[in-house]
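Encoded as structure tokens, the structure appears first; notes follow it.
The values are calculated or read from the model by the stated rules, or taken from the named source; none is laboratory data. Worth saying up front: this structure is predicted, and the values here are computed from it rather than measured. Note that each Cβ is placed from the backbone with ideal geometry, even for glycine, and that neighbours are counted across all protein chains shown. The area values use the complete protein model at the heavy-atom level, side chains included, leaving out ligands, DNA and RNA. Shrake-Rupley method; radii C 1.70, N 1.55, O 1.52, S 1.80 Å.
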Amino acid sequence: MRALVLGGTGMLGRAVTRYWRRRQQAVLALSHGQADITDRHRLDECVHQFRPELIVNCAAFTQVDRCETERETALAVNGAAVANAVAACESVGARLIHVSTDYVFDGEAESPYAEDTATGPRTVYGESKLEGERQALRYPAALVLRASWLFGPGGPNFAATIRRLLTRATEPLRVVDDQVGCPTYTPFLARAIWDLSVLGMRGVVHYCNREAVSWHGFATEIARTVAPLARIVPVPTSEFPRPAPRPAYSVLETTRFETAVGRRVEPWVSGLAAYLGEHS
Ligand SMILES: NC(=O)c1ccc[n+]([C@@H]2O[C@H](COP(=O)([O-])OP(=O)(O)OC[C@H]3O[C@@H](n4cnc5c(N)ncnc54)[C@H](OP(=O)(O)O)[C@@H]3O)[C@@H](O)[C@H]2O)c1
């Protein structure tokens, strides 16, 4: 499956590229500098040269707090520009897998969000990603893949930050305990993208690793490996006010993925063990 990866040097873009190479499939990973998704002409040029069967859009303005003050950029990159990826796909008959996020939901549910649960973003980032989904879904050969709480090689992420803080900490670490979600290891997500592309899935699919945990629970598991004697104190969200409100509950229902692909989503603890093992 000949694939072009937009945002190919980001955390997920690298994992997808690596997975395609491992399977000895042709893949072209384009960085922001090589192909700005807001530049339709440039995308068309790349697509016509490489002629992919699939475009995986991992390009996004992902700094959730900055999106609050840089609304225009967020809406342009995460929203309107997805139409450029669609046009590029159309021009060569390629399929599109567009990566989206749990932030399209309100974060106030008490049971997992299904693909057809009503959206209701509470942040500019979520709003811009929802607009990107709308643009993608105009294309019949598009799949919107919503994921959550990514961690993996090659990007700033919660696991990397906690690991770094734990190795330097002299004081107990204070970590939020009233936000719950599903950490997702990018190499597992890359495998899911592969599986879904082989099946030719369309519409909206959720993918995240199991089981749901709070940030405090996630940090505690990281500490178990890298600093077993460290103290991690659970604190409420109100202790860390942020420009963009964080969802209290961000668990995605993954039955559609599991039924289509014929396996359960992987446990995040396995991904964490692999991640910490690789980066020890
Ligand atoms: N990280 C998470 O926890 C999380 C959770 C759920 C869903 N997602 C989604 O997963 C996808 C991948 O996220 P990630 O964590 O891999 O993010 P990332 O590491 O920030 O990667 C995003 C990439 O997009 C590039 N980019 C930004 N603006 C661009 C533009 N105008 N044109 C082309 N490329 C551009 C960035 O390049 P520069 O850095 O050079 O600008 C970066 O390489 C995104 O769609 C994100 O919304 C992420």
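Remarks
- On inspection, Val99 qualifies as modelled with pLDDT of 95 or more and closer than 27 Å to Pro183 by Cα.
- Residues of the range 130-148 classified as touching a helix residue (DSSP H, G or I) at 6+ places or on another chain (Cβ under 6 Å) and open to solvent by 10 Å² or more (accessible area, probe 1.4 Å), total: 4
Per-residue answers, yes or no, for (1) farther than 25 Å from Thr186 by Cβ; (2) within 18 Å of the chain's Cα centre (by Cα); (3) of a type in the set (Lys, Arg):
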position: Cys89; (1), (2), (3): no, no, no
position: His98; (1), (2), (3): no, yes, no
position: Glu110; (1), (2), (3): yes, no, no
position: Ala114; (1), (2), (3): no, yes, no
position: Tyr125; (1), (2), (3): no, yes, no
position: Ser128; (1), (2), (3): no, yes, no
position: Ala136; (1), (2), (3): no, yes, no
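- Scanning the range 154-187 for residues that are under 20 Å from Arg224 (Cβ atoms), out of contact with any strand residue (DSSP E or B) (no Cβ under 9 Å at 6 or more places or on another chain) and in contact (Cβ under 8 Å) with a residue 60 or more places away in the chain yields Arg163, Thr167, Ala169.
- Screening Arg22 against (1) surrounded by fewer than 21 Cβ atoms within 10 Å (Cβ to Cβ); (2) within 14 Å of the ligand (Cβ to nearest atom); (3) of a type outside the set (Val, Ile, Thr) leaves a single unmet condition, (2).
- Counting only helices (runs of 4 or more DSSP H) that sit completely within the range 43-113, those holding 3 or more residues that are out of contact with any Asp or Glu (no Cβ under 9 Å at 6 or more places or on another chain) and more than 10 Å from the ligand (Cβ to nearest atom) correspond to 64-69, 82-92.
- Hits in the range 1-18 - residues which are among the hydroxyl-bearing types (Ser, Thr, Tyr) and either within 8 Å of the ligand (Cβ to nearest atom) or touching a Lys or Arg at 6+ places or on another chain (Cβ under 6 Å) (or both): Thr9
- Among the residues of this structure, Glu266 does not count as one that is open to solvent by 50 Å² or more (accessible area, probe 1.4 Å) and of a type in the set (Asp, Glu).
- Conditions (1) modelled with pLDDT under 95; (2) crowded, with 19+ Cβ neighbours inside 10 Å; number of the one not met by Ile162: (1)
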